[in-house]
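Peer 1: Sharing a structure, written as structure tokens. Questions coming.
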Amino acid sequence: MRIAFYAPLKPPGHLLPSGDREMARLFVAALTRAGCVVELASRFSSFDAGDPGRQRRLAATGARLAARLVRRYARRPLHERPSLWFTYHLYHKAPDWLGPVVARALAIPYVVAEASHAPKRDVGAWAEGSRAAARAIAGADLVFNLNPADAPCVRRLLADPGRLVSLPPFIDAAAFEPAPPTAREALRARLEIAAAVPLLLTVAMMRPGAKLASYLCLADALGRLDDRRWRLLIAGDGPAEAEVRAAMAPLGERVLFLGRCEGASLRQAYAAADLYVWPAVGEAYGVAFLEAQAASLAVVAGRAGGVPAVVAENGSGLLVAEGDAAFAAAVGRMLDEPGRRHDMGTAARQRVLRHHDLPQASARLGSHLAALTRGIPA
């Protein structure tokens, strides 16, 4: 099966790390593992921060690009044309101006993963993008739902609710195999952190809005725990870094900034830590929560969006309602109970392997797409 893949928010090759980019890459990996030939259809980003005029210009650009893609695919031999269009992450800020047009022209299925719709956005600054996203979702042959919180509004757009298929968020757990003690010791030695000091970890971009709100909540919560031993590692950077550093400044040398971490440096950060902490204000579900758990870290997280679907409360971590005091209390409990923290970390990895690993996601994707395209030339 040949698939035209598109991520309107952030393509897989985007320079800045983020959960969106990582999930786009993971979908490509899962589809490839399922035996599909995946081709990136376009790098066009339709993201808009709330400018109706810009949305209209993006729609016009999208129409031209879609027509160009149709002509390009039509020139190919039949066996080299895509047999399915797959769009990852579709919502009012990043609608899909390409896929529905191309899929109709080529008479191929149109599939979406991680779609969301908020009817209140059909009026106001994002009206153009919201209505376009709703039309695309309504016309999809299949919608893979990663965040349970998105399901009710998306289901109402579908003529056949059976087109909405649950797909738990996933990672490649093999990449986050728990490291040997030597890896933990190496980073701690480099950072001059004693082995007995509990090390907290946060991995998140620093940008205005929900991410910054989470950092502010985290800084305030940890400020309430000055009677306990702990250090915090922060892996991430971004345009709100100055604000994050200012918020963390009262915590002094207890906070260490690692900057942007990817690959081996990110795995080393997970290996060195004892507990993953993130308030998750406005979070969809959080890829980093899965990475941390795959590395056998227990989690303290805010109970937001789809986070409860990836962190098992009192199983792989603690979930708390939004609020600095509640978050501080949960972190304090985990600091006070190292045995419970260890047991939760062990359970966390097993849970990821059972429910959120790449092989399971690949098999589920492959099964549904095969059924959808049965009778269409591969």
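Peer 1: Return the whole-Å distance between the Cα centroid of the stretch 41-108 and the Cα centroid of the stretch 237-311.
Peer 2: Centre-to-centre (Cα) distance: 34 Å.
Peer 1: Another question about this same structure. Using a/c under 1.5 as the rounded threshold, could you call the stretch 1-156 rounded, prolate or oblate? The axes a ≥ b ≥ c are square roots of the C-alpha gyration tensor eigenvalues, and prolate needs a/b larger than b/c, oblate otherwise.
Peer 2: Since a/c reaches 1.5 and a/b is larger than b/c, the shape of the stretch 1-156 is classed as prolate.
Peer 1: How do 45-55, 292-302 rank on mean C-beta neighbours within 10 Å, highest first?
Peer 2: Per-residue mean Cβ counts within 10 Å order the peptides as 292-302, 45-55.
Peer 1: Still on this structure, please answer the following. Between L40 and A196, what is the label-to-label distance in nm when each label sits 7 Å out along the Cα-to-Cβ direction?
Peer 2: My value for the distance between the label points is 5.0 nm.
Peer 1: Determine, for W126, W230, W278, the number of other Cβ atoms within 10 Å of each Cβ, and report the residues in order from fewest to most.
Peer 2: W230, W126, W278
Peer 1: If neighbour count is taken as other Cβ atoms inside 10 Å, put F5, F257, F289 in order from fewest to most.
Peer 2: F257, F5, F289
Peer 1: Lys/Arg Cβ at +1, Asp/Glu Cβ at -1, dipole of the stretch 173-355 taken about the Cα centre: which of L297, P279, L353 is farthest positive-ward?
Peer 2: L353
Peer 1: Given charges of +1 on the Cβ of Lys and Arg and -1 on the Cβ of Asp and Glu, with all other atoms neutral, how large is the dipole of the stretch 173-355 about its Cα centre, in debye to the nearest 20?
Peer 2: 300 debye
Peer 1: Related question: Treat every Asp and Glu Cβ in the chain as -1 and every Lys and Arg Cβ as +1, leave all other atoms uncharged, and give the resulting dipole magnitude about the Cα centre to the nearest 20 debye.
Peer 2: Value, rounded to 20: 1540 debye.
Peer 1: Please give me the summed charge of the neighbours of L297: other residues whose Cβ is under 10 Å from its Cβ, Lys and Arg +1, Asp and Glu -1.
Peer 2: Every neighbour counted, the sum reads 0.
Peer 1: In nanometres, what is the gap between the two model label sites at L256 and A189, each 7 Å from Cα along Cα-to-Cβ?
Peer 2: Spacing of the two 7 Å Cα→Cβ label points: 1.3 nm.
Peer 1: Quick check on the chain: helices-only [θ] at 222 nm, where DSSP H runs of length 4 and up contribute -39,500 (n - 2.57) each and the sum goes over total residues. Nearest 500, please.
Peer 2: -13500 deg cm²/dmol
Peer 1: Put +1 on the Cβ of each Lys and Arg and -1 on the Cβ of each Asp and Glu in the chain; which of V37, P95, A196 then has its Cα farthest toward the positive end of the dipole?
Peer 2: Among V37, P95, A196, the one farthest towards the positive end of the dipole of the chain is V37.
Peer 1: Got a sec to turn the phi values of the stretch 155-164 into Karplus ³J(HN,Hα) couplings, 6.51 cos²θ - 1.76 cosθ + 1.60 with θ = phi - 60°, whole Hz, x for Gly and Pro?
Peer 2: Result, rounded to whole Hz: 4, 5, 7, 9, 4, 10, x, x, 6, 8.
Peer 1: Kirkwood hydrodynamic radius, the stretch 173-355, all distinct C-alpha pairs: what's the number in Å?
Peer 2: One decimal place: 16.0 Å for the Kirkwood radius.
Peer 1: Also, I was wondering about something else. Search the structure for amide H atoms under 5 Å from the amide H of V38, placed 1.01 Å from N in the peptide plane, and list their residues when 5 or more places away or on another chain.
Peer 2: HN-HN under 5 Å from V38: I3.
Peer 1: Same structure again: Tell me the Kirkwood radius of the chain: reciprocal of the mean inverse pair distance over distinct alpha-carbon atoms, in Å.
Peer 2: About 21.7 Å, per the Kirkwood formula over Cα pairs.
No lab work stands behind these numbers, since they all come straight from the coordinates. Keep in mind that this is a model prediction, so the values were computed, not measured. When we count neighbours, we look across all protein chains shown, and the Cβ atoms used for this are built from the backbone with ideal geometry, even at glycine.
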